[in-house]
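Worksheet: one structure, shown below.
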Amino acid sequence: MTDTPKDRGARMRLVEGLRQQGITDEAVLEAFAKVPRHFFVPAFLCNRAYDMQALPIACGQTISQPYTVAFQSQLLSVRPKMKVLEIGTGSGFQAAILQAMGAYVYTVERHMDLYREAEERFKQLRIRVALKHGDGYAGWPEFAPYDRILVTCAAPELPQQLLRQLKTDGVMVVPVGEVEQRMTRVVRTAAGFESTLHGSYTFVPMLGEKAFPDNKKPAVEK
């Protein structure tokens with residue numbers, strides 16, 4: 001794996017593009033400047049790694065477009081040393097962004113092929129995250145509670161098991177809906193949960209015991 005001056009220049013242009021689209025969290029922008037996105041896409045798509053679009057990866061999944069990753073990360077309000085659970089490792093790019101922001105990252109992937117690829121990629125890049133193969137709906141209760149939980153795939157409703165793994169004053173960001181999702185930010189308070197909506201998206205479905213019916217699977221993330 002090589003990271004050339006051309007790659008670094010593409011990253012800086014991407015960061016400027018994210019800034020122009022309204023990403024204001026400097027920690028997010030700095031992470032995007034550091035993490036080589038071209039290491040997380042299939043080799044034949046490396047020349048498109050810094051385009052502002054989702055790209056296909058294995059198992060019928062996608063690596064979300066950079067703006068979506070940045071926007072979810074900004075909504076999460078991550079600060080150094082926070083414990084963050086990610087549901088849907090995919091290529092590992094989002095986990096790498098969170099780790100570059102100083103978080104302790106725990107990430108769960110349903111697809112074994114993606115899990116193995118991400119595990120190898122993290123080793124090669126010396127990215128220290130905790131990785132688990134399993135059902136995202138179940139989360140990772142052994143290490144709960146979490147300061148932040150990020151779901152990178154579509155849930156038909158708010159995942160209750162994940163909400164229970166969130167600390168008081170913790171934040172969860174999750175796209176909720178069947179065909180089209182609303183980006184939902186949930187804050188756990190002493191009295192319960194408060195949620196706000198932040199635009200419409202289309203993600204690949206969250207798989208597990210509560211997976212979407214076959215006839216209601218959303219299209220790939222845009």
Discussion item. I need the full set of residues from the range 48-64 which are of a type outside the set (Ser, Thr, Tyr) and more than 20 Å from residue 111 (Cβ to Cβ), in order please.
Written reply: 48, 49, 51, 52, 53
Item to complete: Could you identify the single residue in 122, 40 that is touching a residue at least 24 places away in the same chain (Cβ under 8 Å), in contact with a helix residue (DSSP H, G or I) (Cβ under 6 Å, 6 or more places away or on another chain) and aromatic (Phe, Trp, Tyr)?
Response: 40
Response to the item:
Turns out the strands (runs of 3 or more DSSP E) fully within the range 51-155 with at least 1 residues that are at pLDDT 95 or above and surrounded by fewer than 20 Cβ atoms within 10 Å (Cβ to Cβ) are 83-87, 104-109, 130-133
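Residues checked against (1) in contact (Cβ under 8 Å) with a residue 24 or more places away in the chain; (2) under 25 Å from residue 161 (Cβ atoms); (3) assigned to a loop (DSSP other than H, G, I, E, B); (4) touching a Lys or Arg at 6+ places or on another chain (Cβ under 8 Å):
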position: 2; (1), (2), (3), (4): no, no, yes, no
position: 18; (1), (2), (3), (4): yes, no, no, no
position: 24; (1), (2), (3), (4): yes, no, yes, no
position: 47; (1), (2), (3), (4): no, no, no, no
Worksheet item: Take the residues of the range 172-214 that are within 23 Å of residue 54 (Cα to Cα) and polar (S, T, N, Q): which is modelled with the lowest pLDDT?
Response: 202
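The values are calculated or read from the model by the stated rules, or taken from the named source; none is laboratory data. Just so it is clear, the structure is predicted and the values come from calculations on it, not from any experiment. When we count neighbours, we look across all protein chains shown, and the Cβ atoms used for this are built from the backbone with ideal geometry, even at glycine.
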